[in-house]
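Visitor: A single structure is presented below for examination.
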Amino acid sequence: WLMWFWFVSFCPRILLPFMQSYARSGGFSITGKIKTALIENAIYYGTYLLIFGAFLIYVAVNPNFNLQWNQLQTIGIAAANTWGLFLLVLLLGYGLVEIPRSHWNGAKRGYLLMKTYFKAAKLMTEKADAEENLEDIMEEVRKVSESIKYNHPLRKCVDTILKKCPTEYQERMGRNMDDYEDFDERQNSYPSEKSLAKLHKQVIYSVQRHRRTQVQWQILLEQAFYLEDVAKNESSATRQFVHTFHSQEPENKIIQYFYTPTVEWYWECLLRPWFYRVLAVVLATFSVIVVWSECTFFSTKPVLSLFAVFIQLAEKTYNYIYIEMACFLTIFFLSICVYSTVFRIRVFNYYYLASHHQTDAYSLLFSGMLFCRLTPPLCLNFLGLTHMDATISHKNTQPTAYTSIMGSMRVLSFVADGFYIYYPMLVVILCIATYFSLGTRCLNLLGFQQFMGDSEMTSDLIDEGKELIRREKRKRQRQEEGENRRREWKERYGNRDDSTRSRAVHTDQKESSFSETNANRPLSKYTRSNGRTERDRIELLQDAEPLDFNADSVNDDPLESDSGR
């Protein structure tokens, strides 16, 4: 537990910020990246040291404080958990409402299809912006590649940048290895290594963003096509699911055997909406229990927290398995509500977790920092909900492993008796704000397009996305029709072409055998052509004079003068 705690505390404050700067660095060597990361984090680390040093000096000078090392350690842990609990309640208030609502809306086919059209319109704008940005960066790379020739010391840096560019741009900026230039004698202005490192960083970012938008566009198209197929198959009389386009990826044979078109129709068109509705009701019930317990866990007589009631009932009967299951389900649901919100957060293109392995290294490390910061406060909040923390229950019971490592929060009374108890009540206000989509409405007013059913901008984007999906659908249909025609042509005329080739080969063999038999026959009175061929060979061998076409007759061949007609 000690190793776990200090590792989780060390990662988000020292290790992961350094790794973030290292990943974003445009340096061309490991040493250069480490140097850049240390410089960027100097202010970050310096702030920590300054605050900690000022606190130590204050404690050492003030005679009213007589703190031991353990108490000082507890104060540091309490400060970290206070910030983590502040962030935890914000994320929890959003997840408790949005997760049940997303599953309830998942049962509405029309809602999902409209939201997919909305996402398509927004993603097309982002995709066009990424392509334009990549074109501008590649133009800068082309200029740098043309200015720095192949005998320049910085050419290795340019080659490293070119390797990060897409293949089509590399071919377009193809190298001319014979183009050497004496850069010392010409007073040209060459970019510095620092500017090349900046360009390298921009290339990595623009290429990754362009690739991400391309992959997301293809995935979104598949989702839109599938939702349209579901809408069409709902009124199918045969009760067999028919796809407009076949899957491009090979499916598992076991899945194909059990997940037949009939089973797929019953699941997608009949059972799945009801399953999502039931799941949404169950999740909403858990959310209500969590909100009630967050607002009442400070009450010990009577015990109002439902999670504490469940644990205490199991404690009386010594049902240890029930205690384990109750604790597991509680932490599992809290973790889903908090961590799923982390996956939904997007701070422009600075932090964004994209699916299908399209997240950049900086965002992955940033999410790791959030998870490390949120895990200890989440455990502390769980102990408070179940009254396993002595600060809440006010009982002299055996401390949990978490409390023995973290220490008692009673060292700071205003934190233990005030912030930790009453701040989680704000989850009610956050849940109400999330239910009425106040954050979404505020972002929409600021100009950030959000999916809102009663907005004119949303309707325009839905229409635009529908037209984009229809255009891509026609394009893919034409491609499949062309492939089908080529396949049918090959199947229909492929054997005929093979038979034609075999007949041609057979005819050539006949002609060759026929010529051989004629060559072996004795000369007849019709031997002039064969004799002419032989005389042509003689003419070529003897370098005879060419025929005189100005003569009276074409037959005035000197080689035929002796033989006559």
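The values are calculated or read from the model by the stated rules, or taken from the named source; none is laboratory data. Nothing here was measured: the structure is a model prediction, and the numbers come from that model. Glycine also receives a Cβ, built like all others from the backbone with ideal geometry; neighbour counts cover every protein chain displayed. Heavy atoms of the whole protein, side chains included, go into the accessibility calculation; ligands, DNA and RNA do not. Shrake-Rupley method; radii C 1.70, N 1.55, O 1.52, S 1.80 Å.
Visitor: Name, by its number, the condition in (1) surrounded by fewer than 18 Cβ atoms within 10 Å (Cβ to Cβ); (2) closer than 24 Å to MET19 by Cβ that does not hold for PHE328.
Guide: (2)
Visitor: Could you please find all residues in the stretch 111-153 being closer than 22 Å to ASN444 by Cα and open to solvent by 40 Å² or more (accessible area, probe 1.4 Å)?
Guide: The answer is TYR111, LEU112, MET114, LYS115, LYS119, LYS122, MET124, THR125, ALA128, ASP129.
Visitor: Pick from VAL303, VAL291, VAL342, VAL347: which is within 19 Å of PRO424 (Cα to Cα) and either without any contact (Cβ under 8 Å) to a residue 40 or more places away in the chain or open to solvent by less than 10 Å² (accessible area, probe 1.4 Å) (or both)?
Guide: VAL342
Visitor: Considering the stretch 136-149 alone, what residues qualify as being touching a helix residue (DSSP H, G or I) at 6+ places or on another chain (Cβ under 9 Å) and not polar (S, T, N, Q)?
Guide: Within the stretch 136-149, ASP136, ILE137, MET138, GLU140, VAL141, ARG142, VAL144, ILE148, LYS149 meet the criteria.
Visitor: Of the conditions (1) of a type in the set (Asp, Glu); (2) modelled with pLDDT under 85; (3) open to solvent by less than 100 Å² (accessible area, probe 1.4 Å), ASP463 satisfies every one except a single condition; which number is it?
Guide: The one condition ASP463 does not meet is (2).
Visitor: Identify the single condition in (1) at pLDDT 90 or above; (2) open to solvent by 40 Å² or more (accessible area, probe 1.4 Å); (3) under 25 Å from the mean Cα position of the chain (by Cα) that TRP104 does not satisfy, given that it satisfies every other one.
Guide: (3)
Visitor: Also: For the stretch 357-371, does any single residue satisfy the condition of being surrounded by fewer than 16 Cβ atoms within 10 Å (Cβ to Cβ) and touching a residue at least 60 places away in the same chain (Cβ under 8 Å)?
Guide: Checked against the condition, which is being surrounded by fewer than 16 Cβ atoms within 10 Å (Cβ to Cβ) and touching a residue at least 60 places away in the same chain (Cβ under 8 Å), the stretch 357-371 yields at least one hit.
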